[in-house]
1. Full extension from ASP221 to ALA64: what is 0.36 nm times the residue separation minus their Cα-Cα distance, to one decimal in nm?
2. Work out from phi, with θ = phi - 60° and the Karplus expression 6.51 cos²θ - 1.76 cosθ + 1.60, the ³J(HN,Hα) of each residue of the stretch 31-40, listed in order in whole Hz, and give x for Gly and Pro.
3. Find out how many positive minus negative residues lie around ILE193, taking Lys and Arg as positive, Asp and Glu as negative, among other residues whose Cβ is under 11 Å from that of ILE193.
4. Of the residues ASP228, ASP54, ASP168, which exhibits the maximal mean-square fluctuation in a Gaussian network model of the chain defined by a 10 Å Cα contact cut-off?
5. Work out the length of the dipole vector of the stretch 3-87 about its Cα centre, built from +1 on the beta-carbon of each Lys and Arg and -1 on the beta-carbon of each Asp and Glu, and round it to the nearest 20 debye.
6. Short version: ³J(HN,Hα) in whole Hz for each residue of the stretch 241-252, in order, from phi by Karplus 6.51 cos²θ - 1.76 cosθ + 1.60 (θ = phi - 60°), x for Gly and Pro, what are they?
7. Can you figure out the FRET efficiency of LEU161 with SER51, using R₀ = 56 Å and their beta-carbon distance, to the nearest 0.05?
8. Show the residues, 5+ positions off or on another chain, whose built amide H is closer than 5 Å to the amide H of VAL257.
Amino acid sequence: MTPDQWLERLSRIEKEFFSVPGGEDPGRLEQKYLGRKGELALLLRELSSFSIEDKKRLGQTGNALKNKLQENLDSRKTSRGAAASEARPALDLALSGYPYPRGSVHPVTFTANKIIDSLGKLGFSLEDGPLAEMDYYNFEALNFPPHHPARDMQDTFYLNLKDEKNMDYLLRTHTSPVQIRTMKSRKPPVRAISFGKTFRSEAVDASHSFVFHQMEGFYADKNVSMADLKWTLETFIKDLFGSGAKIRFSPSYFPFVEPGAQVEVSCVFCGRNGAAGAGQKPGGEEGKCPVCKGSGWLEMLGAGMIHSEVFKACGYDPEKVSGFAFGAGIERFAMLLFGIRDMRMLYENDLRILKQL
Ligand code: FA5
């Protein structure tokens, strides 16, 4: 390389350096030009091959540029630091912290926990099952044969997915499939409850939703009778609503129990007399309790003695084992416990309402 070529390279480096925009990282530029293998550093090292006079002359020009670049890099670093601290407010350690609102348990969770605690005291263990369930567990093993009209009782969301028997997967319509899963995996005596989300293709109104929560309880053992069911439900309902609460049974149909019953609980709002009390909000017929509509009773649970076909599907001998089962909507219980008249209030997540509960 001749001295002229050396100077030409030096001026190219200068031009290139000063055309780099201000936003570029100064650390990276420093490394590129002045670092150990930087372009200017390498060029200055080339001086060793020149004569003493050229070394002196070119060395001065080269070092002058090196100082110029260093000054420019320093000022780039300073303005970059100033911009960063402008963007970030100064740290004031004396400032008090941001108030962080504390949440609370949702009424549905609160109610479910109360039910689980209450039945847990009676020896029921808590079991779980999948939300995307097989047709077999949700219907077939519960004595709803394929194409049986009883399936219409529960409007179902079917999934575009088949199980190994080419039956549909679906979003479980009730928590009863957990009964089957538990009985299939355990030998009697079994006493279990489950709780969780259930899904039905239904329009939303004050007492219906397409996603809601259910709880299920069942007991299978030798010599279990309807009297055991009645005692269990009475004890559990009194624990939840107070010792004055009463229950009554009326016949009902569910394919997986025989006999089946609808269980009503005495209205906790009017104390079973059916009359609108002081402090009750208007909304019902004149003089009548707006919650039970004057009947004094509220339908709260489905229940019955586990059907022999269900036992057979689970590998239990119905000649030797008997049992009861019951199931209910958690929202229904939450509405009673919190005095809510529209189920939608539980889902809208309006904190002004939820905070009052
Ligand atoms: C059942 O789902 C049965 N598996 C219950 C059962 C279990 C009966 C064991 C016998 C033995 P049913 O379809 O009635 O039954 O639903 C039970 C409860 O779920 C209802 O009483 C109601 O409180 C609640 N529920 C049903 N559909 C809806 C809905 N769309 N929105 C909110 N809650 C609902």
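Values quoted throughout were computed directly from the atomic coordinates according to the rules given, and no laboratory measurement underlies them. What you see is a predicted model, and the numbers here were worked out from it, not measured in a lab. We place every Cβ from the backbone using ideal geometry, glycine too, and count neighbours over all the protein chains shown.
1. Between ASP221 and ALA64, full extension yields an extra 46.8 nm.
2. Taking θ as phi minus 60°, the curve returns 5, 5, 9, 10, x, 4, 10, x, 4, 6 Hz for the stretch 31-40.
3. -3
4. Per the Cα network of the chain with a 10 Å cutoff, ASP54 tops the list.
5. For this selection, approximately 200 debye.
6. So the J values, rounded to whole Hz, are 10, x, 5, x, 5, 10, 10, 9, 9, 9, x, 8.
7. 0.10
8. HIS307
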